[in-house]
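Asks: Pasting in a structure now, in C-alpha cells, and then I'll have a few things to ask.
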Amino acid sequence: MAIAGSDSATARTYAGVHRTLRRQRGSAVGQPCANCGRPADGWGLIAAPTHIGPHPDHGRKVRWSVHLDAYRPLCRSCNSLRDHGGSWTLCPAGHARVAWGTSGGRCRGCRRDARRRERAAGRTARAGAHETAERVASTG
Ligand SMILES: [Zn+2]
Ligand SMILES: [Zn+2]
C-alpha cells in the first residue's frame, strides 16, 4: 500500500522534519516561546529526540524527532538550552536551572564547577612544587 505524499513517511531527516513542520504548522517565528513566552525564532524540540546526526548544512551534531508534536515554538535562548542537553529544569550535569540560571545558553553551575576544578588543579600543582622545594631544602 503506497503512502506517497504522506509527510510522516518523508519526514525522517532533520531537514525533512523542519520542512514538514513549516508546511503543516507554519512558521514558529514570532510565536510566544513555549518555555518563557518571548518571541520564538523557530521550532524547537521539547521531547526526547528520535534521531541524532549531523546537520545537513553545517554538519554539527543535531537532535531531532520524527514526531511533529514534539516541537514547540522556542526563543533562541530556550532553544540553545535544549541544544546543550539536559532538560528545562536540569542541566546535563544535574544543576537546577532555576537556581543556577544560564549564561549564553550554558549552565552557570557547570561554569562554576569547571572553574573550581581548574583552581583545585592549580592548588595541587603548587602544593606539589612546595613539597619538593622543602624536601630539597631539608636535604641540603
Ligand atoms: Zn524562551
Ligand atoms: Zn550544570
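Asks: Of all residues in the range 9-35, which are aliphatic (A, V, I, L, M) and assigned to a loop (DSSP other than H, G, I, E, B)?
Replies: Within the range 9-35, 11, 28, 29, 34 meet the criteria.
Asks: Look at residue 120 and say whether it is surrounded by fewer than 12 Cβ atoms within 10 Å (Cβ to Cβ) and in contact (Cβ under 8 Å) with a residue 12 or more places away in the chain.
Replies: Here the answer is no, as residue 120 does not meet what is asked.
Asks: Scan the range 79-101 and tell me whether some residue there is more than 16 Å from ligand 2 (Cβ to nearest atom), closer than 23 Å to residue 62 by Cβ, at pLDDT 70 or above and surrounded by 15 or more Cβ atoms within 10 Å (Cβ to Cβ).
Replies: yes
Asks: Another question, if that's okay. Could you tell me whether residue 52 is surrounded by 15 or more Cβ atoms within 10 Å (Cβ to Cβ) and not assigned by TED's automatic domain parsing to the domain that holds residue 110?
Replies: Answer is no for this residue.
The values are calculated or read from the model by the stated rules, or taken from the named source; none is laboratory data. Please read these numbers as outputs of a predicted model, since none were measured by experiment. Counting neighbours? That spans all protein chains shown, and the Cβs are built from the backbone with ideal geometry, glycine included.
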